[in-house]
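Have a look at this one.
Read the figures in this text as sums done on the coordinates, not as results from a lab. These figures come from a predicted structure and were not determined experimentally. Note that we place each Cβ from the backbone using ideal geometry, even for glycine, and neighbour counts take in every protein chain shown.
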Amino acid sequence: DTAVSQTPKYLVTQMGNDKSIKCEQNLGHDTMYWYKQDSKKFLKIMFSYNNKELIINETVPNRFSPKSPDKAHLNLHINSLELGDSAVYFCASSPVGSSYNEQFFGPGTRLTVL
Amino acid sequence: GQQLNQSPQSMFIQEGEDVSMNCTSSSIFNTWLWYKQDPGEGPVLLIALYKAGELTSNGRLTAQFGITRKDSFLNISASIPSDVGIYFCATQGAQKLVFGQGTRLTINP
């Protein structure tokens, strides 16, 4: 029944490590997104993909690399983790023709960098 | 870039009270959205507004698209404990959504 799922839910790691967060949606949507929510709960888009093609890259450091193997999956790989990367990362998806409005969010991955 | 100013930033109310929050911008938009984020979860779309002056309800929630197209309001009537969470306004940027800073609602039983 899960619409947008993310793994892992929690990720605790040391500075300098490389980690990945996976996202899958079973809604048949064509567009997927990654958002970062900081400690003040501000929600900001990082990337969006439409049918496996990168549409938006919001001046995110090169250490962040999204990968979309198919339109149901959008993974986020982060190299050389820094303290400032600690946040909650949300994956989302939206159907074609929705004008990006009706976005369905996953439960989030809380990343803590020590 | 686009900026949405959401107020209040937080609210502490008694169960049963009505709630009002709003979102303003210096820019004109064609869409206003309201999302709710429960603790530990991702945001969920509550109401979408597509026309200036539009008033739309979803149960105890009512949202309005301001006539000037620069603002929107969300009201919750007769609040209950499960209304706790963060409410975000959002609008449509260039191929993306832009979110307000959120209004955190806390309810005292």
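If you look at just the Cα atoms of chain A, how large are its Rg and its Dmax in Å?
13.3, 41
For chain B, report the translational diffusion coefficient in µm²/s to the nearest whole number, using Stokes-Einstein at 37 °C, 0.692 mPa s, and a Kirkwood Rh over Cα pairs. Intermediate values should be presented prior to the final figure.
Values: Rh = 13.8 Å.
The calculation lands on 237 µm²/s.
Another one. Can you pull the one-decimal nm distance between simple spin-label points at residue B:104 and residue A:18, each 7 Å off the Cα toward Cβ?
Rounded to a tenth, the inter-label distance reads 3.7 nm.
Which length gain, in nm to one decimal place, applies between residue A:58 and residue A:96 when the Cα-Cα distance is subtracted from 0.36 nm times their residue separation?
Computed gain between residue A:58 and residue A:96 is 11.6 nm.
Given contacts defined as C-alpha pairs under 8 Å and at least six residues apart, what's the relative contact order of segment B:1-106, whole-number percent? All intermediate terms of the calculation are to be shown ahead of the outcome.
On the way: 259 pairs, mean separation 38.5, N = 106.
The value is 36 percent.
So, one more: Could you give the nm distance between label points at residue B:27 and residue B:14, where each point is 7 Å from its Cα heading toward the beta carbon?
The answer from the label model is 4.2 nm.
Now for a separate question. Return P(r) of segment A:1-67 (all Cα-Cα pairs; 5 Å bins starting at 0; whole %; ordered from short to long distances).
3, 13, 20, 27, 22, 10, 3, 0
With the radius of gyration and the Kirkwood radius both derived from the Cα set of segment B:45-109, what is their ratio Rg to Rh?
Looking at segment B:45-109, the ratio lands at 0.99.
Just to be sure I understand the curve: with the Debye formula and one point per C-alpha of the protein assembly as shown, what is log10 I(q)/I(0) at q = 0.13 Å⁻¹?
For the requested q values the scattering log ratios are -0.76.
What is the ratio of the Cα radius of gyration of segment B:1-63 to 2.2 N^0.38 Å, where N is its residue count, to two decimals?
Numbers: Rg = 13.1 Å, N = 63, 2.2 N^0.38 = 10.6 Å.
Normalised Cα radius of gyration, segment B:1-63: 1.24.
So which GluC sites (Glu not before Pro) in segment A:52-114 pass both tests, a DSSP loop state and at most 16 other Cβ atoms within 10 Å of the Cβ?
Passing both the DSSP loop test and the Cβ count: A:58, A:82, A:102.
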